[in-house]
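Trainee: Okay, handing you the structure first.
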Amino acid sequence: MTATAFAPATEERLALARQVADAVLFEGYVLYPYRASAAKNRLRWQFGVLVPPAWGAECEEHDFQHTECLIEPRAGATLAVEVRFLHARRRTVQRALPDGGFETVAELPLDDRVLVPWDEGAEERVELVVPVGELTGDGREFPFHKPAVEETEPVLDSAGRTVGRLVRRSAEVSGVVRLSARELDGPYRVSRLTAVVENTTPWAPPEGRAADRDAALPHSLVATHLLMALDAGAFLSMTDPPEWARGAVAACRNLHTWPVLAGEPGRTDLVLSSPIILEDHPSIAPESLGALYDATEIDEILALRTAALTDEEKREARGTDARAAAVIDLADSMPAEVLERLHGAVRGLREVTGESAGLPDEPGVPRPETPWWDPASDAGFDPEQDRVMVDGHSVGKGSSVELRPGLRHTDAQDLFLHGRTATVEAVLHDVDGTVHLAVTVDGDPGADIRREQGRYLYFQPDEVAPLEAPR
């Protein structure tokens, strides 16, 4: 069955997941410098494009997505599915004529923007609600259809006079969603849920003529992805499943999409199946002020580059698409205090408990209290004088050691040196407080050149054995 809208409880559960789903929907929609004339904006849409079957047979793109994941439904559980995609609307620009007619033009200059032809993306949704019990056996099929639409929008100048119009045309598209579930053998009551989204649009290239991708896009489902929710039961993580389910997860087939747990961390009743590989419980950065700002250093560069566009370039960007205009306006209006914060955000802090992670603790000099970014932090280190304790031996510049790489999955070149003797040239500390020994291999004919150039081999203290008396 196809519902016109989900129940309020389902809508509330999907709201947070849609924030991430929107990012998937509009990934790469328009790229810096946000102008239609830019080369990178001439080949549109790279992710989740489901093309018409007749076109898919002639190219490397696909007409379907196939998602499989594991569910533990409770008795009477209901599955809600939302298919989301963009429907390309081909926009043409027309100029008003003195006789009241219109003619199609390559651009229409206005005071604040320059309107140009462009393919806009209109969001489409297909919402389904079905009891899980009805999906056993052959499952259920849910066809959907989006009709062709033509709309016109008048273009007014600053005085309110009609100077042109925009004509938007979208082509007919159709598809089908196939849902099925099969309970797996074993002591656990777990089922494999299969969800297939397929483009069934009957469009084909004109006979005797080769059609290009641009001609197929209006008949395609763009940036296609799924949101799925259980009202009673749970999805299993496909990325980090419980040990007992790893074999069943490995047997799942996911083609052109990948399902991850969605919503707040800890929730297991929502899944986002995306053409972009994500981790479980993906989220939008809380610092985000818009499509431009996500609290990463690239935002600062992009904001400054965007603000540095010429007025003419900004006018074209504003006329390209409403989303491009929003990015330009955000860059132009960003407060100085916000711009100053665009230096990245730490997201991976963890509590230090003192427990070993499976590798020996770093021996030797204690970790510095001064932050690594403070120039004063360098004052306490001297690579040629510092020493570290290794197996009760004080090791520093000039010490003789035997190389024993391998504890940290050392690369093959270092493994070849296992058992060789070496001379320590310096004791180094990185910004994380980790100690490294710079060495030259005894008998290496290029050792003198390495010393002159400072190009040493590096090992951690637990990867060497001292060959001199304890000090």
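Trainee: Compute the distribution of all C-alpha to C-alpha distances in the stretch 226-288, in bins of 5 Å from 0, and list the percent of pairs in each, rounded to whole numbers.
Mentor: All Cα pairs, binned at 5 Å, distribute as 4, 18, 25, 27, 17, 6, 2, 1 percent.
Trainee: Can I ask one more? May I ask for the net charge around residue 440, where only other residues with Cβ less than 15 Å from the Cβ of residue 440 are counted and Lys, Arg are +1 while Asp, Glu are -1? Walk me through the intermediate numbers first.
Mentor: On the way: positive: 397, 420, 450, 451, 455; negative: 384, 402, 414, 425, 442, 444, 448, 452.
So the environment of residue 440 carries a net charge of -3.
Trainee: Under the rule of at least 5 residues apart or a separate chain, name every residue whose amide H is placed under 5 Å from the amide H of residue 234.
Mentor: Close amide H contacts, sequence-distant or interchain: 72, 74.
Trainee: Same structure, new question: Take the Cα atoms of the stretch 134-203, find their three principal axes, and give me the spread along each one in whole Å, biggest first.
Mentor: Each principal axis gives a Cα extent; for the stretch 134-203 these are 74, 27, 16 Å.
Trainee: Taking a quarter of the surface of the Cα convex hull of the stretch 1-121, what do you get in nm²? It would help to have the intermediate numbers written out before the result.
Mentor: On the way: hull surface 53.7 nm².
Value for the stretch 1-121: 13.4 nm².
Trainee: Please list the three semi-axes, largest first and in whole Å, of the ellipsoid equivalent to the stretch 125-271, using sqrt of 5 times the eigenvalues of its alpha carbon gyration tensor.
Mentor: Working: eigenvalues 342, 83, 43 Å².
The equivalent ellipsoid of the stretch 125-271 has semi-axes of 41, 20, 15 Å.
Trainee: Could you tally the net charge around residue 89, taking each other residue with its Cβ under 13 Å from the Cβ of residue 89, Lys/Arg +1 and Asp/Glu -1?
Mentor: Details: positive: 44, 90, 91, 146, 168, 169; negative: 119, 120, 123, 124, 150, 151, 153, 172, 321.
Net charge in that neighbourhood comes out at -3.
Trainee: If we count every other residue with Cβ under 10 angstrom of residue 252's Cβ, Lys/Arg +1 and Asp/Glu -1, where does the sum land?
Mentor: Numbers: positive: 192, 253; negative: 68.
That sum, taken over residues with Cβ under 10 Å, equals +1.
Read-outs: derived from the displayed coordinates by stated rules, not from any lab. In this text, all values refer to a predicted model and were calculated from it rather than measured experimentally. Note that each Cβ is placed from the backbone with ideal geometry, even for glycine, and that neighbours are counted across all protein chains shown.
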